[in-house]
C-alpha cells in the first residue's frame, strides 16, 4: 500500500485557541455596541471580512499596550493541540495555520506555547505610536470575501492532486475555504454551514478526535477524495 500524503490546514481562532481571540480583543478594548454591529454585518454578508477588520480596528480607542498584551497572554489554547502537532511531526504531515486573525496575537500565543516554528499565514497588525491599531492584509484576494486572508489560495499553493487535503475549523472565515479540501473537520458555525449546504464533514470536539479519524483514513486501502473539492480546486486552477 503506497503511503498517503496528507496536507493539514488548521484555523486559529476558536480552533487552536479555546475562544475567538480577535472577537474577544475587540469586545474588550473596542466600543462594544459598534463591535456587535460590525460582527453582525459580517455574519449576514453585508460587509466583507477585510472591511469588518478595518472597522473593528477603528472602533478601538488608544489603549495601554501592556493591557492588550496581558489580555492575549490570558487566552488558552486547546489542551490537545500540542499532541496534534507532535502527531503531525511524527507522521511527516505538513501542517499550516491559516487564520483570518492577526499575526500580533497569533505569534505571541504560539511563542508562549513553544510552537513558534509552525507555518502561519494571517493578516498583520501593528500598534502605532499613538497606541492605535493598524491592520494590513498581505494575502487579500477579493474573490475570498469571507476571509481577508485568502485561505483558499494557501491551500492551492501548498498542495497538489497527489495529496489528501484536510481542513480543521469552526467559523465564518472557514465556510468558503473548507470546500476546497477533501476532508473537513468542523464544529460550531462551520458545522452548521456544512449541515445546511450538505457538505460532507467530520464533527469533532478536540484534536484527539481528529487524530483518531486521520488514523482511520490512513488505513483505508482506497481512500476517495471528496469529488466537489476536486471540482472546486480544478476550477480555481483554471482561473489562475
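No value in this document is a laboratory result; all are computed from the given coordinates. Please read all numbers here as calculations on a predicted model, not as lab measurements. Heads up, the Cβs are rebuilt from the backbone with ideal geometry, glycines too, and the neighbour counts pull from every protein chain shown.
If the segment from residue 34 to residue 69 were pulled out straight at 0.36 nm per residue, it would be longer than the present Cα-Cα gap by 10.4 nm.
Could you give the C-alpha radius of gyration of segment 170-209 expressed as a fraction of 2.2 N^0.38 Å, taking N as the number of residues it contains?
Numbers: Rg = 9.2 Å, N = 40, 2.2 N^0.38 = 8.9 Å.
This ratio for segment 170-209 stands at 1.03.
Using the average count of surrounding beta-carbon atoms within 10 Å as a protection proxy, the listed peptides 199-207, 124-132, 223-231, 91-99 rank, highest first, as 91-99, 199-207, 223-231, 124-132. Cα convex hull, segment 109-176: 142 Å³ per residue, rounded to a whole number. What the Cα convex hull of segment 50-120 gives, in volume per residue, is 97 Å³. Extent of segment 3-119 along its three principal axes (Cα atoms, max minus min coordinate, largest first): 51, 34, 19 Å.
The distance from the alpha carbon centre of segment 98-134 to that of segment 9-56 is 15 Å, rounded to a whole number. Starting from the Cα of residue 236, move 7 Å in the Cα-to-Cβ direction to define the label point; list residues of segment 18-54 whose amide nitrogen is under 18 Å from there. Backbone N within reach: 49-50.
Rg over Rh for segment 150-198 works out to 0.97, both radii taken from alpha-carbon positions and Rh defined as the Kirkwood radius.
Between 0 and 90 degrees, rounded to the nearest ten: what's the tilt of helix 188-197 against the longest Cα principal axis of the chain? With both axes taken from Cα atoms, the answer is about 50 degrees. Taking max minus min of the alpha-carbon positions on each principal axis, segment 1-57 gives extents of 57, 24, 16 Å, largest first.
Taking Cα atoms of segment 78-211, Rg/Rh with Kirkwood Rh, to two decimals?
Using only Cα positions, Rg/Rh for segment 78-211 is 0.97.
For Cα pairs less than 8 Å apart in space and 6+ apart in sequence, what is the mean separation divided by the residue count of the chain, i.e. the relative contact order in percent? Worked out over the chain, it gives 22 percent. Note on the chain: antiparallel DSSP beta bridges, both residues inside, total approximately 20 percent of the bridges counted. Translational diffusion coefficient of the chain (Stokes-Einstein, Kirkwood radius from Cα pairs, 4 °C, 1.567 mPa s): 70 µm²/s. Using just its DSSP H runs of length 4 or more, each adding -39500 (n - 2.57), the chain gives a mean residue ellipticity at 222 nm of -13000 deg cm²/dmol after division by all residues.
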